[in-house]
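Engineer: Pasting a structure below so you can have a look.
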Amino acid sequence: MACLDDSYLPFLHGTLVIRVEEARDLPDKDSSWWFSSKNVTDAFVKVELFPVGVKVAETKVVNDSLYPIWGEEFRVLVCHNAKHLKLTVLDKDMWNGQPIGWCE
């Protein structure tokens, strides 16, 4: 198994404050051919440090909304070599989240 050499990455040390406010005009991910569409999605946000892919935070799920409002703040103690944050909006389904979109 190869080991990731992250020594060239910036070293983050301290408290990282992340605020996740809202999303707008999300696509309907809950409709399918076997039940009627209500134009809804069950969205949540996962926050990861990259390139190592460490999940540092996750919002609550906002059910049945294409305009979810989370208004959540996370204070994360970090001691990592990392280049950037990736925030991924996902639709909650039975087993895992279906990606809707992301930003870095």
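Since every read-out is calculated from the coordinates, none of them should be taken as a lab result. Small disclaimer: the values here were computed from a predicted structure and weren't measured. Here the Cβ is made from the backbone with ideal geometry for all residues, glycine too, and neighbour counts use every protein chain on show.
Engineer: Taking the alpha-carbon distance from LYS83 and a cut-off under 19 Å, which aspartates and glutamates remain once sequence neighbours fewer than 8 residues away in the same chain are dropped?
Structural biologist: ASP5, ASP6, GLU48, GLU104
Engineer: Applying 1/(1 + (r/R0)^6) with R0 = 22 Å to the Cβ-Cβ distance of PHE11 and LEU85, what FRET efficiency is obtained, to the nearest 0.05?
Structural biologist: The value I calculate is 0.90.
Engineer: If exposed chymotrypsin sites (Phe, Trp or Tyr not before Pro) are those in a DSSP loop with at most 14 other Cβ within 10 Å, what is the longest stretch of the chain that has none?
Structural biologist: It runs 35-94.
Engineer: Where Lys and Arg each count +1 and Asp and Glu each count -1, what net charge lies around ALA57 among other residues with Cβ under 14 Å from its Cβ?
Structural biologist: +1
Engineer: If we count every other residue with Cβ under 13 angstrom of HIS80's Cβ, Lys/Arg +1 and Asp/Glu -1, where does the sum land? Each step should come with its number before you reach the end.
Structural biologist: On the way: positive: LYS55, LYS83; negative: ASP6, GLU48.
Residues close to HIS80 contribute a combined charge of 0.
Engineer: For P(r) over Cα pairs in 5 Å bins from 0, in percent, which listed value, (i) 2, 12, 20, 20, 15, 12, 9, 6, 3, 2, 0; (ii) 2, 13, 23, 23, 19, 13, 5, 1, 0; (iii) 2, 9, 13, 14, 10, 7, 6, 8, 9, 9, 6, 5, 1, 0, comes from the coordinates shown?
Structural biologist: From the options (i) 2, 12, 20, 20, 15, 12, 9, 6, 3, 2, 0; (ii) 2, 13, 23, 23, 19, 13, 5, 1, 0; (iii) 2, 9, 13, 14, 10, 7, 6, 8, 9, 9, 6, 5, 1, 0, the structure gives (i).
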